[in-house]
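Accompanying notes for the structure given below.
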Amino acid sequence: MTDTIALRATGLYKVFGKHPESAVHRLRDGATREELAGGVTAAVIDASFEVHRGEIFVVMGLSGSGKSTLIRTLNGLQPATAGTVEIGADSITGATPKRLREIRRKRMSMVFQHFALLPHRTVLDNVAYGLEIQGMPRAQREDRARQVTQVVGLGGWEDKHPSELSGGMQQRVGLARALAADTEVLLMDEAFSALDPLIRREMQEQLLELQATLGKTIIFITHDLNEAMFLGDRIAVMRDGRIVQIGTPEEILTDPANEYVEQFVQDVDRTRVLTAESVMRKPRAVVHPTAGPHGALKTMRDEQMSGVYVVKRDRTLIGWVSDRDALDLVRKGQKDLASIVRADHGAVASDTALSELFIPALESSLPLGVMDDKGRLVGVVPRVTLLATLGGEPDAAAQASPDADPLPTHVVDRALEAAVDSGALTIEEVN
C-alpha cells in the first residue's frame with residue numbers, strides 16, 4: 001500500500017445467512033442479489049475502493065443499500081465473507097480478535113449515530129475513555145481529553161453528564177472521544193442523522209473546520225445526498241450492496257454513471273456543489289496595460305463587450321476598463337491605460353460556490369472574473385451561463401456565451417427559483 005492510501009478494500013463481500021461462501025461464488029458467476037436462496041442476504045457485493053490519507057470519503061445510499069454493513073466490515077465488527085480490507089500494513093480481514101482490538105484502539109476509531117456515550121461518566125471521562133482503554137496514565141489522558149473538548153466547542157462542560165447535554169452537544173462528545181484517540185482513520189456512521197436540521201448543519205460545518213486543521217482520514221456514511229455533497233472530497237454511491245459510482249461531488253452531479261445516480265442527484269442543490277471553476281469560460285475580453293486605449297477598444301469591438309479586463313503578462317488581474325473611459329482617452333490623445341483602470345473588478349476565487357456568485361454577477365459590468373490562488377484571471381462566468389446551469393439546462397450552459405441568444409424563459413425562471421430557494425437571492429432582488 002502506498003503512503004498516500006490510508007485504507008484499501010478489495011473485492012469485499014458480506015453475506016448473511018446459510019452457506020455465505022456459496023452465495024459469494026454465485027454472485028461472482030453473475031447471480032443477482034434477488035436470485036440467492038431464501039434467507040440469504042448479500043449486504044455488500046464486490047466492493048473495491050481506496051481512501052486517500054487526509055480525505056473525507058463519503059459512502060452514501062438509501063436504506064438497505066449496504067453502507068452501514070460496509071463500514072462495520074471495514075473495522076471488523078462484522079467479518080467479511082470474502083475480500084480484504086487493509087489499513088496501512090495491517091490486514092483487517094483474517095486478523096485475530098486480539099489484533100483487531102489493537103488496530104481499533106490505535107489505528108481506527110468510530111463515531112456512532114446515537115452517540116454511544118457512557119451515561120454515568122462525565123464529558124471529560126467519556127472523551128478520555130478510549131485513552132483509558134489504551135492504558136494511558138490518568139493525568140495524561142485527562143489533559144488530552146481537555147484539549148480535544150476545547151477543540152469541539154465544549155470547554156466548560158467537562159464535568160457535566162450526557163443527560164445534561166443537548167443532542168448536538170452529545171454528538172460533539174462522541175466526536176471528541178474519537179479525535180482524542182488520535183487514530184489514523186475515523187469512521188462516522190450516520191453520525192449526524194439523529195440531530196435536528198440546524199444542529200446537523202452546524203456539526204457538518206464544524207467537521208470541515210476541524211478537518212482543515214487536523215487533516216484526518218474520514219470515512220463518512222450517510223443517506224443524505226446534500227450532506228454527502230457538502231462533506232465529501234469523494235463519494236461512493238451504493239445500491240443493493242454494490243458501489244455503482246465513485247467520484248468527486250462535481251463528477252457525481254455532472255457525470256452520473258447511470259440512470260439510478262442521475263435520478264438520485266436530480267434534486268441536489270447545485271448552488272452548494274458546483275463552483276465558479278465548474279462553469280467558467282475562457283476569458284477573451286482581456287488586454288495588457290501596454291495595449292493603450294485603442295487596443296482596448298479594438299478588443300471590446302471584437303468581443304462585443306462594453307469593457308475589458310486588464311492583466312499583467314502572467315495574467316495577474318489588475319482591474320478593468322470601460323468603453324466610455326477608453327474612448328475619452330482616445331479623444332484626449334492619451335495612450336496610457338493606467339489612469340482609467342478600475343480596481344473594483346469584483347472577481348471571485350475559483351472555488352467559490354455558485355450560491356455566492358449571484359450578487360457579484362449582477363453587480364459586475366463584465367462577465368464575472370474568476371481568479372486562481374495567485375490572483376491570476378483564469379476564467380469568466382457570464383450571467384447567461386450561470387442562469388443556464390442553475391436552470392438545469394447543461395446543454396444551454398455549455399453553449400452559452402456573453403453574446404448568446406437569450407435563454408428560454410422557463411430556464412431563467414427555474415434558475416431564479418433555485419437562487420431564492422438556496423438563499424443566494426431574495427424575492428426583492430429577483431423582482
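Overview of results
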| quantity | calculated |
| --- | --- |
| Residues (under 13 Å from Gly295 (Cα atoms), within 41 Å of the chain's Cα centre (by Cα) and in contact (Cβ under 8 Å) with a residue 40 or more places away in the chain) located in the stretch 320-360 | Ser322 |
| Scope the stretch 363-387; condition of a type outside the set (A, V, I, L, M, F, W, C), outside any helix (DSSP H, G or I) and either without any contact (Cβ under 8 Å) to a residue 24 or more places away in the chain or buried (at least 24 other Cβ atoms within 10 Å of the Cβ) (or both); matching residues | Ser364, Pro367, Gly369, Asp372 |
| Residue that is of a type in the set (A, V, I, L, M) and over 19 Å from Val244 (Cα atoms), where the choices are Ala89, Ala47 | Ala89 |
| Check on Gly241, of a type outside the set (A, V, I, L, M, F, W, C), open to solvent by less than 60 Å² (accessible area, probe 1.4 Å) and at positive phi | yes |
| Filter result (open to solvent by 30 Å² or more (accessible area, probe 1.4 Å), among the β-branched types (Val, Ile, Thr) and either closer than 12 Å to Ala296 by Cβ or touching a Cys at 6+ places or on another chain (Cβ under 8 Å) (or both)) within the stretch 316-362 | Val330, Val341 |
| Leading residue by the ranking (nearest to the chain's Cα centre (by Cα)) among those in the stretch 116-167 that are surrounded by fewer than 12 Cβ atoms within 10 Å (Cβ to Cβ) and either of a type in the set (Asp, Glu) or in a helix (DSSP H, G or I) (or both) | Ser163 |
| Odd one out for Pro256, checked against (1) within 30 Å of Glu34 (Cβ to Cβ); (2) open to solvent by less than 40 Å² (accessible area, probe 1.4 Å); (3) in contact (Cβ under 8 Å) with a residue 12 or more places away in the chain | (3) |
| For Arg8: the one exception among (1) surrounded by fewer than 22 Cβ atoms within 10 Å (Cβ to Cβ); (2) touching a Gly at 6+ places or on another chain (Cβ under 6 Å) | (2) |
| Enumeration of residues in the stretch 168-202 that are of a type in the set (A, V, I, L, M), open to solvent by 30 Å² or more (accessible area, probe 1.4 Å) and in a loop (DSSP other than H, G, I, E, B) | Ala194 |
| Residue among Asp3, Asp46 that alone is of a type outside the set (Gly, Ala, Ser) and at positive phi | Asp46 |
| Count of residues meeting criterion [under 30 Å from Arg172 (Cβ atoms) and either outside any strand (DSSP E or B) or at pLDDT 90 or above (or both)] in the stretch 66-115 | 29 |
| Cβ pairs under 9 Å, 6+ apart, first in the stretch 286-315 and exposed (fewer than 15 other Cβ atoms within 10 Å of the Cβ), second part of a strand (DSSP E or B) and hydrophobic (A, V, I, L, M, F, W, C) | Lys312/Ile318 |
| Which listed residue, of Gly155, Gly168, Gly130, is under 21 Å from Leu77 (Cα atoms) and small (Gly, Ala, Ser) | Gly130 |
| Qualifying positions in the stretch 270-328 - more than 30 Å from Met229 (Cβ to Cβ) and basic (Lys, Arg) | Arg284, Lys298, Arg301, Lys312, Arg313, Arg315, Arg324 |
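The values are calculated or read from the model by the stated rules, or taken from the named source; none is laboratory data. Since this is a predicted model, take the numbers as computed values, not measurements. So basically every Cβ, Gly included, is an ideal-geometry build from the backbone, and we count neighbours across all protein chains shown. Keep in mind that these areas ignore ligands, DNA and RNA; they rest on the heavy atoms of the full protein, side chains included. Shrake-Rupley method; radii C 1.70, N 1.55, O 1.52, S 1.80 Å.
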